[in-house]
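All remarks here apply to the structure that follows.
The values are calculated or read from the model by the stated rules, or taken from the named source; none is laboratory data. Model, not experiment: these values are computed from the prediction. Ideal geometry is used to build each Cβ from the backbone, glycine not excepted, and the neighbour counts take in all protein chains shown.
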Amino acid sequence: MELIVTDLTALTLAQARDALHKKEVTATELTQAHLKAIQAGNPELNAYVLVTAEHALAQAKECDKRLAAGKARDLEGLTLGNKDLFCTTGIRTTACSKILGDFKPAYE
């Protein structure tokens with residue numbers, strides 16, 4: 001069965017995973033689709049405190065390499081939005097608190 005979806009953000013995680021493994025879509029394409037949706041909706045929704053597009057695209061590129069080499073992990077290439085309370089090395093994490101301001105953790 002061939003996957004035909006015009007909006008990659010409409011895929012379930014299982015559909016996206018299967019499409020990645022069948023090489024019907026790349027992690028970079030999935031990431032770009034989600035970043036575009038965030039850019040379009042976030043001004044009104046204010047759902048994302050910080051969008052790290054460059055970081056996400058760099059990770060997607062690495063995922064694409066592992067997928068192409070057949071070394072993909074189970075959830076390789078699927079997009080993920082992290083809450084602002086999970087520390088990510090070098091990425092501003094505030095838990096939406098002014099007290100944390102520009103806190104950039106040195107750990108995850």
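From the list 72, 56, 60, which residue is surrounded by 16 or more Cβ atoms within 10 Å (Cβ to Cβ), closer than 22 Å to residue 27 by Cα and either in contact (Cβ under 8 Å) with a residue 40 or more places away in the chain or in contact with a His (Cβ under 6 Å, 6 or more places away or on another chain) (or both)?
Sole residue among the options that is surrounded by 16 or more Cβ atoms within 10 Å (Cβ to Cβ), closer than 22 Å to residue 27 by Cα and either in contact (Cβ under 8 Å) with a residue 40 or more places away in the chain or in contact with a His (Cβ under 6 Å, 6 or more places away or on another chain) (or both): 72.
Can you list residue pairs whose Cβ atoms sit under 6 Å apart, with the first residue in the stretch 1-23 being small (Gly, Ala, Ser) and the second being at pLDDT below 95? Count only pairs 6 or more apart in sequence or on different chains.
From residues that are small (Gly, Ala, Ser), the pairs are 19/3.
Return the only residue of 96, 87 being surrounded by 12 or more Cβ atoms within 10 Å (Cβ to Cβ) and either closer than 21 Å to residue 10 by Cα or not charged (D, E, K, R) (or both). Can you show your working first?
Numbers: 96 fails: surrounded by 12 or more Cβ atoms within 10 Å (Cβ to Cβ).
87 is the lone residue from the list that is surrounded by 12 or more Cβ atoms within 10 Å (Cβ to Cβ) and either closer than 21 Å to residue 10 by Cα or not charged (D, E, K, R) (or both).
Being surrounded by 11 or more Cβ atoms within 10 Å (Cβ to Cβ) and assigned to a loop (DSSP other than H, G, I, E, B) is the requirement here; does residue 104 meet it?
Values: surrounded by 11 or more Cβ atoms within 10 Å (Cβ to Cβ): yes; assigned to a loop (DSSP other than H, G, I, E, B): yes.
Yes; evaluated as a whole, the condition is true for this residue.
The rows are residues; the columns are (1) out of contact with any Lys or Arg (no Cβ under 8 Å at 6 or more places or on another chain); (2) surrounded by fewer than 16 Cβ atoms within 10 Å (Cβ to Cβ); (3) not polar (S, T, N, Q).
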position	(1), (2), (3)
11	yes, no, yes
16	yes, no, yes
21	yes, yes, yes
78	no, no, yes
